[in-house]
Amino acid sequence: MHSFIELRKALVSEEKMNFTGAGVLGGFVSYSKKQIEWLKENGDWSPAEEDILQRLQELVDQYQHQSYPGRRDLIQEIKQIVDSLNIPDVKKSTEKNRYVSFLGQKVGEAKGIGKKRNELFNRLGINNLFDLLYHIPKRYEDRTQLKNFSQLSVGTEETLKGQIVSTQVIRPRKGLTILKALICDGLNYGFGTWFNQVFLERQLKPGTEIILTGKVKFITGHYELNVSDYEIIGKTHKPLGIVPVYATTSGLNQRIIRSLIKDVLTYIPECMEFLPIEVIKKRDLMRLDEALKQIHFPRDWSNLKKARLRLAYEELFLLQYALASNKVNLKNKKGISFSKEGDIWGRFFENLPFTLTKAQRRVINQIRQDMNLDIPMTRLLQGDVGSGKTVVAAAAAIKAVENGYQVALMAPTEILAEQHYNSFGTFCTPLGVRVTLITGGLSVKSKTKVNEEIAGGNADIIVGTHAVIQDQVNFKRLGLAIVDEQHRFGVMQRSRLMVKGNNPDLLVTTATPIPRTLSLVLYGDLQVSLLDELPPGRQIITTRWVGEERRANVYKFMVQEMREGRQVFVVCPLVAESENLDLKAAEEMAEQLRDLFKEFSVGLLHGKMKHQDKENIMQGFYQRDISLLVSTTVIEVGVDVPNATVMLIEGAERFGLAQLHQLRGRIGRGNHRSYCILMGQPKTEIGRERLQIMEKTNDGFVIAEEDLRLRGPGEIFGVRQHGLPEFKVADLIQDNILVQRTVHDISNLAAKSIYISSNLFNDITAFRFGEVKIS
C-alpha cells in the first residue's frame, strides 16, 4: 500500500538501522522516492501541500550524500514534516475541499454580525464568506496623497484630512436636514456636509481629526464637500494608504464592510489555494490568500494590480475547466454513428440549384466527419449574414434522416421558422424527406396532428420555434438537434431539446459574428466551423448615416427605387423596453408612409400579429404585392427577399452594432445594388462612433469586435442566458489575453490527465458558478 503510513514505517526502520540506508528492502532512498512520487501523482493536493511533498523529495535526495550526523538530522526533519501533515493516507478526491468549506460559511455566523446587519449584507448579495471576500472594491482612495482645500477641483470626488472646528444642523424644509461641519486643514477652512444624518453630530465634536471624501463644490467663497465617506482618526488608527471603497446599501457604511473583511482576512487559511503550483509559477501569480488581502487592502498599486490579475485568472481558469470537463464528459457518452451515405445523400447535392462555395464544402465535410463518429457532435456553425448556413444545416439533416433518425430545428421566431421550413422543403421534399412545421401559432387541432406525426415517426425534419421543446412533443427517434441563431435561446431551452433524444448530435448556428475572446468563453466546449466566404452574386451594401434634415432626400431615393421595381424595408426605432410602445411607433410610421407614398402598397409587420396575418404580409412582400414594408426588429434574422434593395433604419443610434449589422443583412441578397440608410441623431460620442463604424465596414467580425469594445459582452448577448457566470473580477475585454492563457493552461493540464477529472475543481466550479454548461 502506497501511503504516508508506509513512509513513516520506512523512517522508523532507517532510524533503527542507524541511518545506514538499508532500513527497507531496496534501500531507504529508492523506496522513499517511489512513495513520494506516487503520493504526488495520486493525490488531490493543494499547491501548499505540493510544495511540502517537493521538499520531502529534496530531503530524501540529499540523504545519500550526507554522513551520519547529517542523515540523522534529515530523518528528524522528514519525520516532523510527515507528522505535521497528519494525513494517514492519500486524500480521497471525494473529501470536501477546504476552499469550499471555509468560503461557504454564512456571513451571519461571523463575529459581530447580528440579524439586522446580516440582512443588510444579504441585500448586497453577500450571503457567505465567498460573497464577502469577493465583494471587490469599486474603487480605491489614495490617502497617501491627501489634499488640502486649496488643492481641490470643483466637480470631482476628492479626499482631504482636517479637524472639526464646529457643526451646525440646518433644516431647509420638511424631510430634509443638513449637518454642516466647519473644517480646518491646517491652512484653510472649508465645509463638509451630510444630508439627513443628524445623528453624526455626536461623533463630530470640535477637535476631532477626520478624513473626508466627497464631491467638491465652491459656494460663497468656500470649498464644500458633499460627504460620501468619512473616517475619524483615533490615536491608534492608521487610515492612510490605499483605502477600498465598496458598493454598499443604506444602513451599511464603508467602515462596517472594511472592518468585517479585515477581520475575516486575518483567519483565512493558507491551504485554500487550489490552482496547480506549476500554473502559479508559470504565470507568476500571487497566492490566493495574499491576493484576497491585497485586493482589499493593498500595500501599493503594484500589489493591487497583481492581486487583480490573480483573481481574474482564477475565474477564467475555473470557467475553462468547466468547459473542458464538459468536453471530457461528452467523449464518454455513447452517441449515434451516422455512417450511411446512400442515394438520398448523393441526390441532395446533385439537385442543388447552385454551386457550393469552398467554405461550405469544407464545413459540410467537418460536420460529416463528426456525425460518422459514435460520440455526440457539438459543433458551432458560424457565418456572416448570407454566407449559406441553411444549406449546410440541411446537408447535416439529410445525413441524419438517411440513417433513420429524425431532426429537430429550433428557430427563435415564427418568421424564421417558416423560412427554414420553406428552404428545407425546397431542398429535401423532392428527395422524399418529410418536413413538418410546428409553431405556437398553429391551432390546437393542427398541433395535435403534427405531434402525432412526430411521435409516430411520420415526420423526418421538424422545424419550429420553442414549440418543439414543449412537453407534448415526443420524437420517435431524434438523432440531430439544430439550434438556429442560438444566442437567442437560453441554456434550459437547448437542454430541453437535447433530452428529447438519446444523446443526439447538436449543431448550433449563428449569423452574429463572435469575437475570438468571447467565443473561447461562450463556446469553449464546442467545435467551431466558420463560413468565411460569401456565395457569388452577393452585393456589397452601401451604408450611409444621415440626420433628420436629409429625410426628404431619403424618401425621394426610396420612391426612385420602388418605381424601378425594387422593394424597401423601413425599420422602426426601439422606443423603450416595451413591445407595446414599439408597436405603436410602427403603426404610426406605417400610416405616415401610406399618406406619403399613395402610389405604392405599404405593409406592416410586428411581433404581436397573429400567425396567419404575419404569413400573409410576408407572402405579399415576397411576391412583390407590397413595395414598402414597415417593421419592428422582428425581421432582424432570417428574412430573405432578394428584390429588397433599400433599408431605412429609424432611430439607428438606439440599436447595437451587431443588431444593425443583422438588420442590414436583410438586403443585398439579389442581383441589384443595395443601400442601408441609418437615420439617427446620436447625442453621445459612442453613438456617433457606432454609426460611423457601420458606414466604414460590412465585415461582421470587425463589427463584432467593435461592438464588444463599445458595449461589453453582457449587453451584446445577454450572457446570463448562456449559462455564463457573472464575473466578480475578470473582464472579457480587458482580460482577453488571460482568456487565451487559461485555455492554453487547461489544455496542457488535460494533455497530462491532470485535474480535468478532479472533484476538487468540480466542487469549486459548482460552488463558484453553479453548473456551467454553455452548449
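Quick note: the coordinates plus some simple rules give every number you see, no bench work behind them. Since the model is a prediction, treat every value here as computed from it, not as a measurement. FYI the Cβ positions are ideal-geometry reconstructions off the backbone, even for glycines, and counts take in every protein chain you see.
Points worth noting:
- Here the dipole of segment 640-693 is about 80 debye; that uses its Cα centre as origin and unit charges on the Cβ of Lys and Arg (positive) and Asp and Glu (negative).
- Of the residues Gly440, Asn351, Phe761, the one whose Cα sits farthest towards the positive end of the charge dipole of the chain is Phe761 (charges of +1 on Lys and Arg Cβ, -1 on Asp and Glu Cβ, taken about the Cα centre).
- When only the Cβ of Lys, Arg, Asp and Glu is charged (+1, +1, -1, -1), the dipole of the chain relative to its Cα centre reaches about 1100 debye.
- Percent RCO, i.e. relative contact order, over the chain, from Cα pairs under 8 Å lying at least 6 residues apart: 11 percent
- Inter-site label distance for Cys184 and Gln168 at 7 Å from Cα along Cβ, in nm: 1.8 nm
- With N the number of residues in segment 204-362, Rg(Cα) / (2.2 N^0.38 Å) evaluates to 1.94.
- Sequence-distant residues sharing a close amide H with Gln567 (under 5 Å, placed H): Ala644, Thr645, Val646
- The long axis of helix 301-331 is offset from the longest Cα principal axis of the chain by roughly 60 degrees.
- Length added when fully stretched, Ala766-Arg550, from 0.36 nm per residue minus Cα-Cα: 72.2 nm
- Ordering of 389-402, 592-605, 462-475 by packing [mean C-beta count within 10 Å, highest first]: 389-402, 462-475, 592-605
- Angle in degrees between helix 254-266 and the longest Cα principal axis of the chain, rounded to the nearest 10: 60 degrees
- Reach of Lys683 by Cα under 13 Å, taken over aspartates and glutamates that are not fewer than 8 positions away in the same chain: Glu653
- A simple spin-label model places pseudo-atoms 7 Å from Cα toward Cβ; at Gln612 and His222 they are separated by 7.7 nm.
- Residue-wise HN-Hα coupling along segment 528-534, computed from phi with Karplus coefficients 6.51, -1.76, 1.60 (Hz; x: Gly, Pro): 10, 10, 10, 8, 10, 9, 8
- Percent of alpha-carbon pairs separated by more than 13 Å within segment 264-308: 54 percent
- Mean separation of Cα contacts under 8 Å, 6 or more apart, over the residue count of segment 188-340: relative contact order %: 15 percent
- Bridging of Lys34 to lysines at a Cα separation below 19 Å is possible for Lys9, Lys79, Lys91, once same-chain residues fewer than 8 apart are set aside.
- Nearest 10 degrees, 0 to 90: helix 4-16 Cα axis against the chain principal axis: 30 degrees
- Estimated inter-spin distance, Gln105 and Glu119, nm [label 7 Å along Cα→Cβ]: 2.5 nm
- Charge-dipole axis of the chain as Lys and Arg at +1 and Asp and Glu at -1 on Cβ define it, positive-most pick from Thr248, Leu416, Ser674: Thr248
- Cα gyration tensor of segment 331-400 - equivalent ellipsoid semi-axes, whole Å, descending: 22, 16, 8
- Kirkwood radius for the chain, taken over all pairs of different Cα atoms as the inverse mean of 1/r, rounds to 31.5 Å.
- Between Lys40 and Ala455, full extension at 0.36 nm per residue minus the direct alpha carbon distance yields a gain of 144.0 nm.
- Sites Arg139 and Gln203, calculated FRET efficiency, Cβ-Cβ separation with R0 22 Å, nearest 0.05: 0.35
- Each Lys and Arg adds +1 at its Cβ and each Asp and Glu adds -1 at its Cβ; summed about the Cα centre, segment 103-210 shows a dipole of about 520 debye.
- Under 16 Å from Lys610, Cα to Cα: aspartates and glutamates that are on another chain or at least 8 residues apart: Glu414, Glu418, Glu579, Glu587
- Under 5 Å between amide hydrogens, built in the peptide plane, is the criterion, and for Leu409 it picks out Ile462, Val463, Gly464, Ile482 among residues at least 5 positions away or on other chains.
- Fully extending the segment from Gln619 to Asp263 would add 121.3 nm, taking 0.36 nm per residue of separation and subtracting the current Cα-Cα distance.
- For segment 300-385, trypsin sites (Lys or Arg not before Pro) are listed when DSSP marks them as loop and at most 14 other Cβ atoms sit within 10 Å of their Cβ; the list is Lys333, Lys334, Lys340.
- Which of Ile295, Leu120, Val729, positive extreme of dipole for the chain (C-beta unit charges): Leu120
- Pairs from the table (Lys147/Lys180; Lys180/Lys205; Lys340/Lys500) lying more than 18 angstrom apart at Cα are Lys147/Lys180; Lys340/Lys500.
- Entries of Lys445/Lys614; Lys389/Lys598; Lys40/Lys282; Lys399/Lys445; Lys389/Lys614 with Cα pairs more than 28 Å apart: Lys389/Lys598; Lys399/Lys445
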